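Working notes, structure below.
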Amino acid sequence: MDEWDEVQTPVVSIPSFGNSGSSWNSGGQQSSFKSSINDNEGSSWKSGSGDFGLRGGKRGRGSRGGGGFKSFNSGIGENGNSEDNEGGSWNSVGGNGGFGGRGGRGSRGRGGYRTSFNSETENENGSDDGFKSGFGGSGRRGGFRRGGGGGGEGARGFGRGGGYRGGNEEVFSRGSMMEQEGNGDGVTAGPKVVYVPPPPPEEESSVFAHYETGINFDKYDDILVDVSGSNSPKAIMTFEEAGLCESLSRNVTKSGYVKPTPVQKHGIPIISAGRDLMACAQTGSGKTAAFLLPILQQLMSDGVAASKFSEVQEPEAIIVAPTRELINQIYLEARKFAYGTCVRPVVVYGGINTGYTIREVLKGCNVLCGTPGRLLDIIGRGKVGLSKLRYLVLDEADRMLDMGFEPDMRKLVSSPGMPAKEERQTLMFSATYPEDIQRLAADFLKTDYLFLAVGVVGGACSDVEQHIIQVDQYSKREQLLELLKTTGTERTMVFVETKRSADFIATFLCQEKVPTTSIHGDREQREREKALGDFRSGQCPVLVATSVAARGLDIEHVQHVVNFDMPSSIDEYVHRIGRTGRCGNTGRAVSFFNPESDTPLARSLVKVLAGAQQEVPSWLEEIAFSAHGTTGFNPYGKVFASTDTRKGGSFQKEPPQPAVQNTSAAADDEEWE
């Protein structure tokens with residue numbers, strides 16, 4: 001078996017039931033297999049307080065069995081009498097054991113097979129019931145306890161010697177059946193991830209499934225473009241001018257690309273010329289192809305080929321994105337453009353089996369797509385080297401450089417073997433670029449990088465019809481239900497601020513006979529993929545999501561976006577409504593504005609609406625006018641970094657400032673990796 005293969009097969013062993021003369025009935029106490037309730041500590045096979053529970057004759061050397069298999073009861077026996085539930089298991093209210101004895105003399109074991117299935121119940125030591133690990137403290141914790149004991153001489157359970165210990169590799173502990181992924185310091189981090197995603201489609205028709213451009217696609221030609229920096233290359237007008245090789249050009253045609261969008265017209269020649277780039281363009285404007293095509297063209301013209309015979313893969317390009325769904329989307333695009341060529345892209349992200357991921361990488365990797373955490377993990381394992389790296393791409397770069405991901409990105413660029421920024425080409429793409437993010441980006445880019453601004457940078461797409469509705473918090477659900485009755489089976493994304501709200505609203509809508517699913521950071525990877533699949537197929541036309549899902553998700557035929565909760569920043573608002581109105585298609589965004597909580601967003605919202613030629617409600621203008629003291633808005637400046645901050649002359653002089661963190665989104669970040 002490979003050294004990284006994580007599948008383990010449990011081996012069954014039989015525990016010792018006692019010591020120092022203990023047996024099924026020890027020391028003259030109550031007999032076992034007894035259903036009376038005279039002495040709860042000695043009785044067994046009772047639903048009230050215990051079974052297999054042997055109380056040793058003398059405390060000193062006996063093997064007190066505190067009971068076991070307590071039947072989902074809070075200490076009240078079948079006869080209605082109150083009982084001692086210390087030692088009972090299968091107890092959803094507070095039992096402490098089962099299959100486990102309270103040994104005397106330092107080997108007291110209160111543990112064993114705790115399966116209360118109640119995550120809110122805690123034992124007296126503070127650790128959650130139900131397959132929860134805990135630390136041993138001074139005794140020996142044990143018996144079917146996940147994670148094992150962190151203190152004492154060993155694991156507690158089945159009397160003095162342990163038995164059915166809850167150690168990492170012990171038999172029948174949940175920890176033995178599931179992966180214990182450490183953090184490198186020997187600390188158990190979590191259960192084994194065994195999920196392996198289904199393979200991507202191999203049929204050519206599925207690989208090249210693509211968007212149909214909308215009626216407004218030709219309007220992109222009228223969008224203003226600003227390129228700042230010295231000696232910028234001339235823009236291209238057609239894909240033929242890009243000088244793509246035959247196989248890549250053929251794949252572009254199969255993908256349905258007829259003519260480049262503005263960000264592609266300027267971005268492709270800039271990247272082909274070897275320049276570092278910070279590109280800011282509207283959502284849905286083709287940024288992914290703008291960096292993939294020139295990178296793949298250069299790799300193909302250089303004749304690079306993936307090798308499956310190397311124990312350490314050295315990719316020529318690394319692409320980083322903040323969420324699993326977005327990075328998988330980029331990978332599928334790279335796979336499409338590289339179809340039938342010698343270039344092999346690979347994707348790595350959390351939530352799937354690590355052994356599977358490593359095996360995929362070792363099959364050969366030229367373009368490595370990944371989320372920050374999993375990239376650092378696989379580099380740290382020594383399976384990926386960086387000495388041949390030529391391209392580093394940060395998609396959704398504003399999110400990658402804020403306080404949620406900046407430490408990971410700095411760790412990545414300082415990894416052993418990573419070429420210095422002068423020796424690699426660094427590319428950043430996003431729909432929004434606040435000034436503080438531009439300052440941070442300078443640490444990753446060459447000093448002569450080019451800044452590409454397409455359209456109203458950080459602005460909303462004019463193809464999205466925006467409506468703002470004033471509503472109080474307690475009327476939102478009814479308002480949402482009324483709205484969804486008018487959309488029918490058209491695909492609608494509903495954004496909320498918390499993971500709990502996502503499930504709550506999805507459940508509410510399902511109860512109201514509206515087929516709905518949800519996606520957020522607490523859902524397992526297979527559940528997230530199933531939710532997106534159901535939404536894409538139309539089986540569940542309504543998807544409730546947290547803000548993180550707004551980042552880059554490209555789902556065809558999303559006609560409506562609803563902001564059930566307004567985001568905390570105007571940038572997040574732009575990303576959210578950008579899930580509709582893509583590739584020249586039209587869309588509709590409805591936002592519920594609660595004056596009690598959303599007033600700080602009012603002025604910025606007015607500017608976004610006006611900039612996209614949308615109607616601004618008079619009540620919103622009044623709120624914005626009176627919101628003098630609100631934070632995050634400069635009435636004399638621009639809401640977005642619509643121009644290169646170097647033009648102001650203060651860019652190189654100001655030290656990098658930490659970005660304002662969206663705490664609700666940051667709470668989701670790690671789980672979304």
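The values are calculated or read from the model by the stated rules, or taken from the named source; none is laboratory data. Worth saying up front: this structure is predicted, and the values here are computed from it rather than measured. Note: ideal-geometry Cβ built from the backbone for every residue, glycine included; neighbour counts use all protein chains shown.
Taking the criterion of being at pLDDT below 55 and either in contact with a helix residue (DSSP H, G or I) (Cβ under 6 Å, 6 or more places away or on another chain) or of a type in the set (S, T, N, Q) (or both), the residues of segment 180-197 that qualify are 180, 183, 188. Annotation for segment 456-464: no member residue is at positive phi, at pLDDT below 90 and over 29 Å from the mean Cα position of the chain (by Cα).
Results for (1) touching a His at 6+ places or on another chain (Cβ under 9 Å); (2) within 12 Å of residue 319 (Cα to Cα); (3) β-branched (Val, Ile, Thr), shown as yes or no for each residue.
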| position | (1), (2), (3) |
| --- | --- |
| 367 | no, yes, yes |
| 372 | no, yes, no |
| 384 | no, no, yes |
| 387 | no, no, no |
| 391 | no, yes, no |
| 399 | yes, no, no |
| 415 | no, no, no |
| 436 | no, no, no |
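Of the residues in segment 498-512, how many are surrounded by fewer than 18 Cβ atoms within 10 Å (Cβ to Cβ) and either more than 9 Å from residue 544 (Cβ to Cβ) or of a type in the set (A, V, I, L, M, F, W, C) (or both)? Residues in segment 498-512 being surrounded by fewer than 18 Cβ atoms within 10 Å (Cβ to Cβ) and either more than 9 Å from residue 544 (Cβ to Cβ) or of a type in the set (A, V, I, L, M, F, W, C) (or both): 8 in total. Assessment of segment 216-226 against the conditions (farther than 30 Å from residue 262 by Cβ, at pLDDT below 80 and β-branched (Val, Ile, Thr)) yields no matching residue. Residues that are within 22 Å of the chain's Cα centre (by Cα) and either at pLDDT 95 or above or part of a strand (DSSP E or B) (or both) within segment 420-455 comprise 428, 429, 430, listed in sequence order.
With respect to (1) crowded, with 21+ Cβ neighbours inside 10 Å; (2) at pLDDT 95 or above, the lone exception for residue 298 is condition (1). In segment 301-315 there is no residue that is buried (at least 20 other Cβ atoms within 10 Å of the Cβ) and under 30 Å from residue 585 (Cα atoms). Entry remark, segment 354-377: residues being on the phi < 0 side of the Ramachandran plot, outside any strand (DSSP E or B) and over 17 Å from the mean Cα position of the chain (by Cα) number 10 in total. Within the span defined as segment 574-589, one or more residues are at pLDDT 90 or above and among the hydrophobic types (A, V, I, L, M, F, W, C). Quick check, is residue 349 touching a helix residue (DSSP H, G or I) at 6+ places or on another chain (Cβ under 7 Å), of a type in the set (Phe, Trp, Tyr) and either modelled with pLDDT under 95 or under 16 Å from residue 365 (Cβ atoms) (or both)? Considered against the rule, which asks whether it is touching a helix residue (DSSP H, G or I) at 6+ places or on another chain (Cβ under 7 Å), of a type in the set (Phe, Trp, Tyr) and either modelled with pLDDT under 95 or under 16 Å from residue 365 (Cβ atoms) (or both), residue 349 comes out as yes.
Within segment 389-419, if we keep just the residues that are without any contact (Cβ under 8 Å) to a residue 60 or more places away in the chain and outside any loop (DSSP other than H, G, I, E, B), the residue that is surrounded by the most Cβ atoms within 10 Å (Cβ to Cβ) turns out to be 408. Of the candidates 260, 200, the single residue that is over 30 Å from residue 446 (Cα atoms) and at pLDDT 55 or above is 200. Would you check if there is a residue in segment 509-526 being in contact with a Gly (Cβ under 8 Å, 6 or more places away or on another chain), in a loop (DSSP other than H, G, I, E, B), of a type outside the set (Lys, Arg) and under 29 Å from residue 195 (Cβ atoms)? Yes, segment 509-526 has at least one match. Go through (1) among the hydrophobic types (A, V, I, L, M, F, W, C); (2) crowded, with 19+ Cβ neighbours inside 10 Å; (3) closer than 27 Å to residue 485 by Cβ one by one and return the number of the condition residue 608 breaks. Going through the list (1) among the hydrophobic types (A, V, I, L, M, F, W, C); (2) crowded, with 19+ Cβ neighbours inside 10 Å; (3) closer than 27 Å to residue 485 by Cβ, residue 608 breaks only (3). Is one or more of the residues making up segment 339-351 among the β-branched types (Val, Ile, Thr), assigned to a helix (DSSP H, G or I) and in contact with a Gly (Cβ under 7 Å, 6 or more places away or on another chain)? No, segment 339-351 has no match at all. Residues in segment 504-559 that are over 14 Å from the mean Cα position of the chain (by Cα) and among the β-branched types (Val, Ile, Thr): 505, 507, 514, 516, 517, 542, 544, 555, 558.
Among what's in segment 349-370 and is in contact with a strand residue (DSSP E or B) (Cβ under 7 Å, 6 or more places away or on another chain) and either outside the structural domain of residue 429 (by TED's automatic domain parsing) or of a type in the set (Val, Ile, Thr) (or both), pick the residue that is surrounded by the most Cβ atoms within 10 Å (Cβ to Cβ). Only one residue tops the list, namely 367.
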